[in-house]
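Notes to accompany the following structure.
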Amino acid sequence: MATAASSLTIASSFSEPRTQIRSSKRSNLPVLQFSIPYKANSRSRRLVVRSVSAPNVEIRTGPDDLISSLLSKVANSDGGVTLSPEQHKEVAKVAGELQKYCVSEPVKCPLIFGDWDVVYCSVPTSPGGGYRSVIGRLFFRTNEMIQGIDSPDIVRNRVSFTALGFLDGDVSLTGKLKVLDSEWVQVIFEPPELKVGSLEFKYGFESEVKLRITYVDEKLRLGLGSRGSLFVFRRRL
């Protein structure tokens, strides 16, 4: 459809200026026409200036832009711990937009395999359990949170930390992955293994989690837990 062109003429001769607006369909681009009054030889003349504007350009937001926005929002947040409720909502909003670009049947996509940094979780205790709770963070400073998925069905979770400011350690889980449908997976983990200094032992019981893969590509993976926890995983280089 041709865009209606507009012509605006302003004229003055020792009196209040009058404005006239006329429309035509002679051009596809908007045209601005106006006159500037001035005096010469006791006559009022008009100088006509014509300006052609550029056509409107549609701005699109693609997955790369959304990924950059998402990573910038969770950067330096200790996995989401330091973000305000409003900032968590902003992260969830961008993640919701990004999942529209997810491949069909992401559980079958080979891109899910590899090692991933857990750069964000909406619930701090979901990765790392009590070590990431309010009290736990007083004694354990998180260094890294990593999830590895090995073909065909092995999941390895590890949280490394510094205890009491000087003891390095980590807690790890190894589990078996089971595909439930085109998006959901279930992982049954063995009892966790704790390493602190020279100590190394297993404790506790088996655990189970369900996770929906809502987006995956070469750089980023999104997961949504069965209780609503949002995870952002960034592939390790």
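The values are calculated or read from the model by the stated rules, or taken from the named source; none is laboratory data. This one's a predicted model, so the numbers in the text were calculated from it and none came from an experiment. Positions of Cβ are generated from backbone atoms using ideal geometry, with glycine treated the same way; all protein chains shown enter the neighbour counts. For the accessible areas, the whole protein counts, side chains as well, though only heavy atoms, and no ligand, DNA or RNA atoms are used. Shrake-Rupley method; radii C 1.70, N 1.55, O 1.52, S 1.80 Å.
Given Cβ point charges of +1 (Lys, Arg) and -1 (Asp, Glu) and nothing else, what value in debye, to the nearest 20, does the dipole of the range 112-198 about its Cα centre take?
About 340 debye.
Past the 26 angstrom mark, what percentage of all C-alpha to C-alpha distances in the range 105-237 do you count?
Details: 1756 of 8778 pairs.
That fraction is 20 percent.
Distant-in-sequence amide contacts of Y120, defined by a placed amide H-H separation under 5 Å and a gap of 5 or more residues or a different chain, comprise V232. Averaging 1/r over each pair of different alpha-carbon atoms in the range 134-196 and inverting the result gives 13.0 Å, the Kirkwood hydrodynamic radius.
Packing around the peptides 99-111, 207-219, taken as the average count of other Cβ atoms within 10 Å per residue, puts them in this order, highest first: 207-219, 99-111. Which of rounded, prolate, oblate describes the range 182-237, given a ≥ b ≥ c as roots of the alpha-carbon gyration tensor eigenvalues and a/c under 1.5 marking rounded, otherwise prolate only if a/b is larger than b/c? Oblate shape, in that a/c is at least 1.5 and b/c is the bigger or equal ratio.
Alpha-carbon geometry of the range 71-127: the Rg and the Dmax are 13.0, 35 Å, given in that order.
Roughly how many percent of the accessible protein surface of the range 131-224 is carbon and sulfur, given a 1.4 Å probe and a whole-percent answer? Before the final figure, lay out the partial values.
On the way: 3050 of 5260 Å².
The value for the range 131-224 is 58 percent carbon and sulfur by accessible area.
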